[in-house]
Structure formats: C-alpha cells, structure tokens
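Only one structure is covered here, and it is reproduced in the block below.
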Amino acid sequence: MSHDVNRGFGAASSAELPADIVHVGIVGAGQMGSGIAHVCALAGLPVTLVDVKQEALSKSLTTIERNMGRQVNRSVISSDDRDAALTRIATSTDYAAFGNADLVIEAATEKEDIKRAIFKTMISHLKPACLLASNTSSISITRLGASTDRPEKFIGMHFMNPVPVMKLVEVIRGIATDEPTFQSIQALARKLNKTTAVSEDFPAFIVNRILVPMINEAVYALYEGVGSVSAIDTSMKLGANHPMGPLELGDFIGLDTCLSIMQVLYEGLSDSKYRPCPLLVKYVEAGWLGRKSGRGFYDYTQSPPRPTR
Ligand code: NAD
C-alpha cells in the first residue's frame, strides 16, 4: 500500500503547490522599496525596481550601495556579497520590466487610489502565475486584491523600516488569498532571514494598530503643550525604554505615512479615538514629512537634528 500522501485523496495538485519565487519585482523606490530590494538581492534573488520617478531610482541605488557598504564595514557581509547583490538589481520606469517576475511587491506611496492605479496598469505586463504582494501599512488587503485580476494570488507582506535591520514581516491574507500563495510568501520570508507574524486583515494590522496611535498621541501631547519635542521623546526613551522617542519615530517613518495610517484607522474602525491630531495634519500640509524631507518634529539639516518646537 502506498504511503505517498501527495497522491492521496484531497492532496494538493501540482497547480496548487506553493510557487518558488526567484525573480522579484518591486514598485516604489522609496525608503521601503529600497530596503526590500536590498534584502532580496543579498538573498541571491534578481530584483527589478520600478518607480515613476527616475530620480527616485537613482537615489535608491545610491542608498542601497551605501547601506550595503555599512554592512561590509561591520563585517555583516563581505565585499564580494555586496558586489554580487548590486549586480542583481535592475531599475526601470516601465512595468514591462516585470515580465519575468514571480512576485511583485508594491511599496509605493500609502494612498489607496495610487496603489489601485498601479495594479491596474501593471497587470497586463505580468505572467499569469505571478504573485502580488502589497507592503501597505494599513490598507485592506482584501480590497486591494479585489481590484486586481488575481485576488487568490494577492497578499500583504509588510516589512518594517529599516528593512535590512528589522527582523519582522507581517503576513496578511485577504479573504480570497489561497494557501499556496501564503506558503510561498512564508518561504520567501524565511529565505530573507525574516520572522513572520500572521495578522488578520483589519485596518493597520498588528504593529501599526498599536504603534501609530501612540505616535499620534505624542503629537497631541505636543499640540496641547504637555511637553516639548525633547521632553516627550526623552520621557518615552528613558521612562518606557523605547529606543527612539515617538516624535523621532514619526519623523523616521514619514509623517505622511503616519497620517495616512491614522486616517485608515479612523475611517476603517469608525472610532473617534483614532482621529488624527490637527498638528500632524498641519505638518504634512506644510510638506514637513520628517527625515525624508529634511524637516519634521526635528530639523535634519542640523547635526545633531534640532527639535523644531
Ligand atoms: P516613500 O515616500 O519613501 O516612497 C514611495 C515611493 O513610491 C516614491 O519613490 C514614489 O516616487 C513612488 N511612487 C509613487 N507613486 C508611484 C507610482 N504610481 N508608481 C511607481 N512608484 C510610485 O514611502 P515609503 O516609506 O517607502 O512607503 C512605501 C510603502 O511602504 C507605503 O505603503 C507605506 O505605508 C509602507 N511602509 C512604510 C514604512 C515606513 O516606516 N516608512 C514601514 C512599513 C511599510
């Protein structure tokens, strides 16, 4: 009698087996897209990075090279590893470059209309078997997946910033995501030396459901005059043992991203406790987006960065 379970009743057919991910496409060459390209290339995977802006692609390559250089200096990787990884990264402003991709990870600006438009334009260039993941911090995976031709191959793969350093990847299944897609993404995360935590598809998932309201509360404390920028950040660093203060962390994440996440929580959970602080809104309207724009709750043109309030 055969004990080959793969041939047994109800076993997965080959079409249902998890796909092996070799070639990775990434949309958005900002902080996160650059970090994801960095770890994929170091893991030996060919990467194609696409952005609407050529200058974002050039900046991204410089950032990846600099960050890998730091890893060489700290003996985390060898200079041969770095050189080989850099040759695996191709860039383009055209989605046709994703023709060979086994997985495309979307890491563009945290706006649902932008992400939907990206998927709509990109899909005609993908292989039918290509998996799709979004690195969204907060937007419904079920809703984004439904806007594509392959909701069963669509999943949330939420990396943390900075990607080369942070161990966690949150994995979020949409209602239609199939098991082989989930297993392929888990296998990829292992290959990238990351640990996964599975979150249900609720606004902002686990990490940002807890973290970003804390940052928003810190902005309220500043807005109401409870403390200065330094007092608030020092309090949480020395009083709660956080490695970064909440305002410094907001600047690091990007205040536009923090605001978008609060809006998703506020609208998605219909609870006033998630209302974005008006001061956070004002900073974003001013273009003071944090580290990436040179100014947020700190002025990054000064060394060390100087609190702006
Ligand atoms: P970012 O502002 O640094 O980069 C976004 C990039 O997307 C930019 O280079 C922009 O040119 C590009 N882009 C915009 N529209 C595009 C389009 N139509 N096609 C292609 N590229 C386009 O933002 P980020 O911090 O890298 O965040 C990207 C995503 O990752 C967001 O969904 C965000 O919520 C998520 N995320 C961010 C963090 C964080 O700490 N910053 C952490 C985890 C997840």
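In a GNM of the chain with a 10 Å cut-off on Cα contacts, which of 41, 286, 107 has the highest mean-square fluctuation?
286
Applying the Karplus parametrisation 6.51 cos²θ - 1.76 cosθ + 1.60 with θ = phi - 60° to the phi angles of the range 193-205, what ³J(HN,Hα) value in whole Hz is obtained for each residue in order, glycine and proline being reported as x?
6, 10, 9, 9, 10, 8, 10, 6, 7, 10, x, 6, 6
Would you mind checking the tilt of helix 31-42 against the longest principal axis of the Cα atoms of the chain, expressed as 0 to 90 degrees and rounded to 10?
Taking Cα atoms only, the helix is inclined about 40 degrees.
Net charge around residue 71, counting only other residues with Cβ within less than 9 Å of its Cβ (Lys, Arg = +1; Asp, Glu = -1)?
Here the count lands on +2.
Going highest first, how would you order 293-299, 90-96, 187-193, 33-39 by mean Cβ packing within 10 Å?
33-39, 293-299, 187-193, 90-96
At residue 226 and residue 270, where each label point lies 7 Å from the Cα along Cα→Cβ, what is the point-to-point distance in nanometres?
2.8 nm
What distance in nm separates the two pseudo spin-label positions at residue 190 and residue 55, each 7 Å out from Cα along the beta-carbon direction?
4.4 nm
How large is the Kirkwood hydrodynamic radius of the range 209-307, in angstrom, based on all distinct alpha carbon pairs?
When all Cα pairs of the range 209-307 are included, the Kirkwood radius is 13.4 Å.
Evaluate the distance, in nm, between pseudo-label points positioned 7 Å from the Cα of residue 81 and of residue 66 along their respective Cα→Cβ axes.
2.1 nm
With a sphere of radius 10 Å drawn around the Cβ of residue 21, what net charge do the other residues whose Cβ falls strictly inside it have (Lys, Arg +1; Asp, Glu -1)?
Result for the neighbourhood of residue 21: -1.
Using Cα centres only, tell me the gap between the range 155-199 and the range 42-60 in whole Å.
20 Å
Just from the alpha-carbon atoms, what are the Rg and Dmax of the range 11-199 in angstroms?
In order Rg, Dmax, the Cα atoms of the range 11-199 give 15.6, 49 Å.
Please compute the Kirkwood hydrodynamic radius of the range 26-97 from all pairs of different C-alpha atoms, in Å with one decimal.
Roughly 12.0 Å, rounded to one decimal.
Only the coordinates and a few stated rules stand behind these numbers; no lab work does. All of these numbers come straight from a predicted model, not from anything done at the bench. Here Cβ is always computed from backbone atoms with ideal geometry, including for glycine, and neighbour counts include all displayed protein chains.
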